[in-house]
Every structure is written in structure tokens, then in C-alpha cells.
Amino acid sequence: QVHLVESGGGLVQAGGSLRLSCAASGSSFNSHAMGWFRQAPGKEREFVAAINWSGDSTNYADSAKGRFTISRDNRKNTVYLQMNSLKPEDTAVYYCAAKRGVIRIGVKDYNYWGQGTQVTVSS
């Protein structure tokens with residue numbers, strides 16, 4: 001079992017930055033790939049970024065490339081999402097997720113989910 005708690009969301013103006021954190025507890029954090037997903041009102045949950053267990057392989061949605069950076073600190077059992085140049089269309093609830101094994105980008109590939117943190121970008 002892996003328990004995930006996100007933090008760092010909030011209200012920011014367009015062009016601003018936020019850093020999301022996801023603290024994990026439970027078994028074998030460093031054997032899990034980690035992902036960030038988001039869900040805007042009325043839309044399906046979508047992939048944002050993922051990182052493998054060691055942190056040396058990442059994957060990004062096209063909407064996140066060049067603006068967002070995913071990273072992890074296995075000593076702290078924490079994964080981060082640095083979000084720069086934020087746009088109003090980035091407004092959503094952001095979720096952290098974990099899965100054993102390799103990186104995947106599908107919602108159904110992940111076994112463990114946090115409760116989400118709201119990110120609101122004003123224009």
C-alpha cells in the first residue's frame with residue numbers, strides 16, 4: 001500500500017509558477033513510478049507527467065513540455081511538479097499517483113492516488 005498526499009496548489013496569475021509536492025508513505029516508494037494527472041471541471045482526468053523509480057526517465061504530456069518539470073527525492077519519499085508559465089487552461093485539480101514498474105501514461109495504469117490539490121490560474 002502507498003498513501004499519497006499532495007500539497008502546494010493555490011491561486012496564481014497567468015505566467016506565474018507553482019510547485020506541487022506529493023508525500024508518500026507505505027511500502028517501497030522507490031520501487032514505484034510516479035505520475036501527475038489533472039482533472040478540470042467537466043473533463044476527464046488526463047496525464048501530465050511521470051517519472052520512473054530512479055528519477056532518470058521522465059515523460060510529459062505535450063501541454064506540459066517545456067513548462068513543467070517532474071522530479072523526485074527518494075530519501076524524502078516525495079515527488080514534485082514544478083509548473084512555470086502557467087496558463088488559465090492549466091486550472092484543474094492535480095493528482096499524484098503511483099504504480100509499480102515502468103512509466104505509463106494511462107489513468108488506469110496507476111494503483112494509488114492522492115486526494116488532489118486545486119490549481120487555479122487567473123487571466
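A few notes on this one:
- Where labels lie 7 Å past Cα in the beta-carbon direction, separation of Lys43 and Lys65 in nm: 1.8
- Within the accessible area of the chain (1.4 Å probe), percent carbon and sulfur: 47
- Rolling a 1.4 angstrom probe over the protein heavy atoms with all chains in place gives the chain an accessible area of 51 Å² per residue.
- Using a cutoff of 8 angstrom between alpha carbon atoms and counting only pairs six or more residues apart, the relative contact order for segment 1-70 works out to 21 percent.
- Cleavage-rule hits, GluC sites (Glu not before Pro), segment 1-47, DSSP coil, Cβ neighbours within 10 Å at most 11: Glu44
- The trypsin sites (Lys or Arg not before Pro) found in segment 42-72 that occupy coil by DSSP, while having at most 14 further C-beta atoms within 10 Å, are Lys43, Lys65.
- Relative contact order for the chain, counting Cα pairs under 8 Å that sit 6 or more residues apart, in percent: 36
- For the chain, the share of DSSP beta bridges that are antiparallel, to the nearest 5, is 90%.
- Overall form of segment 61-106 per C-alpha gyration tensor (a/c, 1.5; a/b vs b/c): prolate
- Cβ-Cβ FRET estimate between Ser17 and Lys76, R0 fixed at 22 Å, reported to 0.05: 0.60
- Per residue, the convex hull volume that the Cα atoms of segment 1-94 enclose (Å³): 95
The values are calculated or read from the model by the stated rules, or taken from the named source; none is laboratory data. The structure presented is a predicted model; accordingly, all values stated were derived computationally and were not measured. Ideal geometry is used to build each Cβ from the backbone, glycine not excepted, and the neighbour counts take in all protein chains shown. Areas reflect the complete protein model, heavy atoms only, side chains present, ligands, DNA and RNA absent. Shrake-Rupley method; radii C 1.70, N 1.55, O 1.52, S 1.80 Å.
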